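Some notes on the structure that comes next.
The values are calculated or read from the model by the stated rules, or taken from the named source; none is laboratory data. Note that the coordinates shown come from a computational prediction; the quantities given were computed from them, not determined experimentally. Positions of Cβ are generated from backbone atoms using ideal geometry, with glycine treated the same way; all protein chains shown enter the neighbour counts.
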Amino acid sequence: MKNLTIVIRAELEVPDDWMLTEHASGMHVLKIGDHFVDFDLTPLTTSVDTPDAEWSDRNADLVDEVLEAVVGVDVELDLASSH
């Protein structure tokens, strides 16, 4: 068995009324209006090896197989004003 580490870093420009908050579950999440948003890993697949291949999560069995291999996820949110 091997270990695969995936590092994904995303930067979003968000409206001023979006804020970070602590959800009742203890997680720090993004709050947009009445909704709480967390980020997670979603594998995308394709069976076509061409530059214009369409990637999706429609292959539920393969996506589930990949997700079952995940042993830990750590999400860190940082909200900074750009003014």
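Can you name the residue in segment 26-69 that is in contact with a strand residue (DSSP E or B) (Cβ under 9 Å, 6 or more places away or on another chain) and among the hydroxyl-bearing types (Ser, Thr, Tyr) and, of all such residues, is surrounded by the most Cβ atoms within 10 Å (Cβ to Cβ)?
Ranking the candidates gives Thr45 first.
Could you say which residue among Val63, Val70, Val75, Val48 is out of contact with any Ser or Thr (no Cβ under 7 Å at 6 or more places or on another chain) and either free of Cβ contacts under 8 Å to residues at least 12 places away in the same chain or assigned to a helix (DSSP H, G or I) (or both)? Talk me through it step by step, then tell me what you get.
On the way: Val63 fails: out of contact with any Ser or Thr (no Cβ under 7 Å at 6 or more places or on another chain); Val70 fails: either free of Cβ contacts under 8 Å to residues at least 12 places away in the same chain or assigned to a helix (DSSP H, G or I) (or both); Val75 fails: either free of Cβ contacts under 8 Å to residues at least 12 places away in the same chain or assigned to a helix (DSSP H, G or I) (or both).
After ruling out the rest, the residue left standing is Val48.
Okay, residues lined up against (1) on the phi > 0 side of the Ramachandran plot; (2) of a type outside the set (A, V, I, L, M, F, W, C); (3) at pLDDT 95 or above:
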| residue | (1), (2), (3) |
| --- | --- |
| Thr5 | no, yes, no |
| Leu12 | no, no, no |
| Thr21 | no, yes, yes |
| Asp38 | no, yes, no |
| Glu54 | no, yes, yes |
| Val75 | no, no, no |
| Leu79 | no, no, no |
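Tally time: how many residues in segment 5-25 are surrounded by 10 or more Cβ atoms within 10 Å (Cβ to Cβ) and in a loop (DSSP other than H, G, I, E, B)?
In the first step, residues of segment 5-25 are kept if they are surrounded by 10 or more Cβ atoms within 10 Å (Cβ to Cβ); the result is 14, 18-23.
From what is left, the residues that are in a loop (DSSP other than H, G, I, E, B) are 14, 18, 23.
Count: 3.
Mind checking which residues of segment 32-69 are of a type in the set (Val, Ile, Thr) and either over 17 Å from the mean Cα position of the chain (by Cα) or under 26 Å from Leu20 (Cα atoms) (or both)?
First, pick out the residues of segment 32-69 that are of a type in the set (Val, Ile, Thr): 32, 37, 42, 45-46, 48, 50, 63, 66.
Within segment 32-69, Ile32, Val37, Thr42, Thr46, Val48, Thr50 qualify.
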